Amino acid sequence: MIPKKDLIVKRSMLPNAGKGLFTRVPIKKGERIVEYKGRITSWKEVSHDEGTNGYIFYVSKNLVLDAKPFKKALARYANDANGLHRVPGIKNNATYEVDKGHVYIKATKNIQAGSEILVDYGKEYWDVIRYNKRIDEEVNHQMKKQTARKKKTSSKNSIVRRLNQRHKKAA
């Protein structure tokens, strides 16, 4: 496994990905890079945060790792090059490996020093993200429509009040 001192967290090279995990040293194909650490819990008890917790690693229904509360857990910063905002020529260079209840990020190719560690989150992860994003967009659209209706109603009510006031003055 790569010593922690040889891994660094900094801005990802992927657009809108936030922080990323980078290596200061070359890593050989097949080498374990870092262990995915977090609060050990079950699927039933993990804090999903209404679908916004992207730091949950599901091993089984009784073994789930939640890295969200652990900002020092380096593996949580590894991004997926196959995400929502892909960059031509940038590919994943690592995969997750589950071994006796532990989860590791393992190099699938030789990785040069200074490179970002990129790991495949899996199709299901991105399907859920896209679904949640669609729901958020629909909710935002509905809220904008309601706000526009309220403004029209408010504006209409204001006009009616002013007309009534003018009518009372004229009478």
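The values are calculated or read from the model by the stated rules, or taken from the named source; none is laboratory data. Since this is a predicted model, take the numbers as computed values, not measurements. A quick note on method: Cβ atoms are made from the backbone with ideal geometry, for glycine too, and the neighbour counts reach across all protein chains shown. When the accessible area is computed, the model is the full protein with side chains, heavy atoms only, and any ligands, DNA or RNA have been set aside. Shrake-Rupley method; radii C 1.70, N 1.55, O 1.52, S 1.80 Å.
Observations on the structure shown:
- Residue ID - modelled with the lowest pLDDT, chosen from residues in segment 124-138 that are open to solvent by less than 60 Å² (accessible area, probe 1.4 Å) and either under 29 Å from ILE8 (Cβ atoms) or in contact with a Pro (Cβ under 9 Å, 6 or more places away or on another chain) (or both): ILE129
- Taking the criterion of being more than 23 Å from ASP66 (Cβ to Cβ) and part of a helix (DSSP H, G or I), the residues of segment 87-145 that qualify are ARG134, GLU137, GLU138, VAL139, ASN140, HIS141, GLN142, MET143, LYS144, LYS145.
- Each residue in segment 1-33 was checked for being assigned to a loop (DSSP other than H, G, I, E, B), over 22 Å from ARG86 (Cβ atoms) and among the aliphatic types (A, V, I, L, M), and 3 of them qualify.
- Positions within segment 97-123 being within 22 Å of GLY20 (Cβ to Cβ) and open to solvent by 80 Å² or more (accessible area, probe 1.4 Å), in sequence order: LYS109, ASN110, GLN112, LYS123
- Pair list, Cβ under 8 Å, 6 or more apart: segment 1-23 residue modelled with pLDDT of 95 or more, other residue of a type in the set (Ser, Thr, Tyr) and not in a strand (DSSP E or B): VAL9/TYR77; LYS19/SER12; LYS19/TYR77; GLY20/SER12; GLY20/TYR77; LEU21/TYR77; PHE22/SER115; THR23/SER115
- Yes/no for LEU14 being more than 23 Å from VAL59 (Cα to Cα), touching a His at 6+ places or on another chain (Cβ under 7 Å) and open to solvent by less than 60 Å² (accessible area, probe 1.4 Å): yes
- Qualifying residue in segment 34-42 (condition: among the acidic types (Asp, Glu) and part of a strand (DSSP E or B)): yes
- Selected residue [modelled with pLDDT of 95 or more and open to solvent by 60 Å² or more (accessible area, probe 1.4 Å)] from LYS71, LYS44, LYS61, LYS91: LYS91
- Failed criterion for TYR55 (all others in (1) of a type outside the set (S, T, N, Q); (2) within 12 Å of the chain's Cα centre (by Cα); (3) open to solvent by less than 60 Å² (accessible area, probe 1.4 Å) hold): (3)
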